Amino acid sequence: MGKHSMDVKTGSQESLKHETATPIKSQSQAVEESSRTLSPSSSARTTDKGIDGNGGTPAIAPTTRSSWSIEDSEELYRINGWGEPYFSINAAGHVTVSPQGDRGGSLDLFELVNALKSRNLNLPLLIRFSDILEDRIERLNAAFAKAIARYNYEGVYRGVFPVKCNQQRHLVEALVKFGKPYQFGLEAGSKPELMIALATLQTPGALLICNGYKDREYIEMAILAQQLGKIAIIVLEQIEEVPLVIEAGQRLGIRPIVGVRAKLSSKGIGRWGTSAGDRAKFGLTIPEILQTVDLLREAGMLDCLQLLHYHIGSQISAISVVKDAIREASQIYVDLAELGAGMRYLDVGGGLGVDYDGSRTNFYASKNYNIQNYANDIVAEVKEACAERKLPVPTLISESGRAIASHQSVLVFNVLGTSDVPTGTPEPVKDDEHLIIRNLWETYASITEDNYQEAYHDATQFKEEAVSLFNFGYVSLPERARAERLYWACCEKILTIVRQQEYVPDDLEDLEKIMASIYYINLSVFQSAPDSWAIDQLFPIMPIHRLDEEPTKRGTLADLTCDSDGKIDQFIDLRDVKSVLELHPLKPDEPYYLGMFLSGAYQEIMGNLHNLFGDTNAVHITLTPKGYQIDHVVKGDTMTEVLGYVQYDSEDLVESIRQQTEAALQDKRISLQDSQLLLQNYERSLSRYTYLSS
Ligand SMILES: *Cc1c(COP(=O)(O)O)cnc(C)c1O
């Protein structure tokens, strides 16, 4: 590697010297000292992030080496950071999937995609690895089991999966099956989700947590479910629900199991930080909780109050936030027990984070703790609070959704084409060309390492002048084209120098973006990665093959929709985010596949039908001793289906086209052959996938 290259280690050390202002990715949270938080090996890596200052951002490492190895790809796409232990790269330069981590076999993702394509399952394709789901459930339960043993906690952990995170039937059914050994339950956040949970969860001893807004029917179903042998716990989120539950219990003659959702004053941070605090949308304030205690006591039902719940937001990046919340909740719990409530359960909600960028920091796309740290902090804190008051410890519940469901699905999509800015050496300018063109040429010819910043401003100014002159009729269309080409040539030359620098001056930061290629992808961001569009969430994205080849291009991704927001131009990086992704030049007649990883939580159900791109094809894959098997194929929407959502009847549509072609035939505006071709294409398309065929 050349002296200007930035690998993980030298990058962070060198850049520390340059740090002049508040880091974007703060390290303060990352290196918290506690036996319950980071292990030494992981804390060492937390300094990788948070390097930025007034001096600008670090340059993207120059990729000028002739030999490229899969290790270079590993480092570039950070696959070991976010992908461990499930995703890595094999000697052929393909992404591999090891659904059982290091305990089982692995699959070549590129070959799997080709095999699925030959079964007529076209891209974009969502591949769910059931074994990964199973592994996540095992890991979460193992972490709590370990923490419980370590702190001699005299209670158990009974996790539940929040159905809202991914309601797909095959997934929920698999989850219930894999969760059986751990009595893993479900959490419903709405009435329709309660319907799923009531029907699907039949594991003896597993909990069914009933959250969300409730009406009388909801409450009655939850209470009556007890008679089916289910432990359905009604969590009161609104003070108005208290009399409803009391009255329903009395009417049915069944004692409900009741919980209260507390509005903690401990707040999450980042994207979902507003889920807690006094003005949060859900939960009871402390005075309301005490009022609930009074109401239940008056009704002779205080023993029914058995659970305390809180949820301070999703993707909690800092372990300190987890700790603050559990400390506050533990105190509320012990006080409720002392007030005479029949307390038995403490439910810490969701929030367990996913390390999308693999940086192990408290950056919003990461987290500075692992599952074990999380479990340890919760177990230890609750144990301590109960020991102080000499109270029995509760059964611990977490409602981890993102941490369970994210890893299991991979979205694979193909690139349809690219658009590049023209590059290469421009033709020298002749003396009789327009002054503005001569100026641009002179700028181009004189760019050096010493003046590249100034040259960039000159080139930009001359280009803008050329456009103004064009608008007033002083520059012809060919002259304007010439000026633009010279401008790109300047940018290209300057960018080559910038990439050699350790730091990019702020005013040149956009250069990578200006010069980036656009990769057109066979995908709708609105359907398949809505959080990328709506809240700028980062997902790791990388090619799934050719990883033994140097990715010499930089690109942003543009989707199929005709919406300018239908793009991805923020990618995970070692520091902060990067605006372009390293990609390979397309080869003629060869497909180019990209994968979006860790996207199994929330994206599917929040995806929408913008431009009428429907659900993608989905397959469920399980590993077998001989390779793999396809458990389920869920075909994506057809045109007929998406058109039906907006009330078009495909038969009516065909009939309309038929009548129009018939009229055109009569008037001899179309030949019989052409009219048949049009009708055939129209009819056939209706039963087809909404995406482009590849
Ligand atoms: C969304 C939600 C969860 C899941 O949160 P994750 O961060 O995905 O684990 C859990 N509980 C409640 C009440 C929720 O609203």
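The values are calculated or read from the model by the stated rules, or taken from the named source; none is laboratory data. Remember, it's a predicted structure, so these values are computed and weren't measured experimentally. Because the Cβ atoms are built from the backbone with ideal geometry, glycine has one as well, and the counts that use them run over all protein chains shown. Accessible surface is based on the protein model in full, side chains and every heavy atom, while ligands, DNA and RNA are left aside. Shrake-Rupley method; radii C 1.70, N 1.55, O 1.52, S 1.80 Å.
Not counting ligands, DNA or RNA, and with a 1.4 Å probe, what is Thr622's accessible surface area in Å² rounded to the nearest 10?
Here the accessible area works out near 30 Å².
Once the Cβ-Cβ distance between Arg150 and Ser67 is put in as r, and R0 is 45 Å, what FRET efficiency do you end up with, to the nearest 0.05? Don't skip to the answer; put the middle values down first.
Numbers: r = 47 Å, r/R0 = 1.05.
Between Arg150 and Ser67 the formula returns 0.45.
Quick one, can you get me the convex hull of the C-alpha atoms of region 465-543 expressed as volume per residue in Å³?
On the way: hull volume 15.1 nm³, N = 79.
Dividing the Cα hull volume of region 465-543 by its residues yields 191 Å³.
Just going by the charge dipole of region 270-416, with Lys and Arg at +1 and Asp and Glu at -1 on Cβ, which of Val354, Ser409, Ala299 is farthest out on the positive end?
Ser409
Only Lys, Arg, Asp and Glu count, each charged at its Cβ (+1, +1, -1, -1), so figure out the dipole size of the chain about its Cα centre, rounded to 20 debye. Numbers along the way, then the final one.
Values: 67 positive and 95 negative charges, 454 e Å.
The dipole of the chain has a size of about 2180 debye.
Give me the accessible area per residue for the chain, probe 1.4 Å, as a whole number in Å². The partial results should precede the final answer.
On the way: 29710 Å² over 694 residues.
Heavy-atom accessible area per residue stands at 43 Å².
How much of Ser685 can a 1.4 Å solvent probe reach, expressed as accessible area in Å² and rounded to 10?
Looks like 50 Å² after rounding.
If I model a spin label as a point 7 Å beyond the Cα along the Cα-Cβ vector, how far apart are those points for Glu590 and Gln676 in nm?
Placing both labels 7 Å beyond Cα along the Cβ direction yields 4.1 nm.
So if I restrict to the alpha-carbon atoms in the chain, what is the Rg, and what is Dmax, the biggest pairwise distance, in Å?
29.3, 99
Quick one: order Val646, Val242 from most to least accessible surface, probe 1.4 Å. Can you show the working numbers first?
On the way: Val646 70, Val242 0 Å².
From most accessible down to least: Val646, Val242.
Taking only Cα atoms, what is the 0 to 90° angle, nearest 10, from helix 319-338's long axis to the longest principal axis of the chain?
On a 0 to 90 degree scale, this one is about 20.
Over region 611-680, how many percent of alpha carbon pairs lie in each 10 Å bin up to the one with the longest distance?
Once binned at 10 Å, the Cα pair distances of region 611-680 give 17, 26, 23, 17, 11, 5, 1.
Once region 181-269 is represented by equal point scatterers at the alpha-carbon sites, with solvent omitted, what log10 I(q)/I(0) does the Debye formula produce at q = 0.26 Å⁻¹?
Calculated log10 I(q)/I(0) at the listed q: -1.34.
Give me the number: length gained by fully extending Arg438 to Arg669, i.e. 0.36 nm times residue separation minus the C-alpha to C-alpha distance, one decimal in nm.
Numbers: separation 231, 0.36 × 231 = 83.16 nm, distance 5.38 nm.
Difference between extended and current length: 77.8 nm.
Could you pull the accessible area for Lys263 with a 1.4 Å probe, rounded to 10 Å²?
30 Å²
Against the longest alpha carbon principal axis of the chain, how many degrees, from 0 to 90 and to the nearest 10, is the axis of helix 452-471 turned?
Computed tilt is about 70 degrees.
Can you send over the carbon and sulfur percentage of the accessible area for region 222-267, probe radius 1.4 Å, protein chains only? Could you put the intermediate results ahead of the total?
Details: 990 of 1770 Å².
Ligands and nucleic acids excluded, carbon and sulfur give 56 percent.
What does the extension gain come out to for Asn80 and Asp536, with contour length at 0.36 nm per residue minus their alpha carbon separation?
Gain on extension, Asn80 to Asp536, equals 161.9 nm.
Considering the dipole of the chain built from charges on the beta carbon (Lys and Arg +1, Asp and Glu -1) around the Cα centre, which of Ile223, Gly600, Tyr689 is farthest to its positive end?
Result: Ile223, furthest along the dipole toward the positive end.
Where nothing but the Cβ of Lys and Arg (+1) and of Asp and Glu (-1) is charged, how large is the charge dipole of region 533-617 around its Cα centre, in debye to the nearest 20? Write out the running numbers ahead of the final one.
Numbers: 7 positive and 15 negative charges, 29 e Å.
Value, rounded to 20: 140 debye.
Compute the angle between helix 130-150 and the longest alpha-carbon principal axis of the chain, please, reported from 0 to 90 degrees and rounded to the nearest 10.
50 degrees
If the limit is 18 Å between Cα atoms, which of Lys191/Lys214; Lys263/Lys323; Lys164/Lys191; Lys513/Lys578 go over it?
On the way: Lys191/Lys214 7 Å; Lys263/Lys323 16 Å; Lys164/Lys191 11 Å; Lys513/Lys578 10 Å.
The answer is none of them.
Could you work out [θ]222 nm for the chain from helices alone, using -39500 (n - 2.57) per DSSP H run of at least four and dividing by all its residues? Round to the nearest 500 deg cm²/dmol. Walk me through the intermediate numbers first.
Working: 24 runs with 269 residues, N = 694.
Dividing the helical sum by the residues of the chain leaves -12000 deg cm²/dmol.
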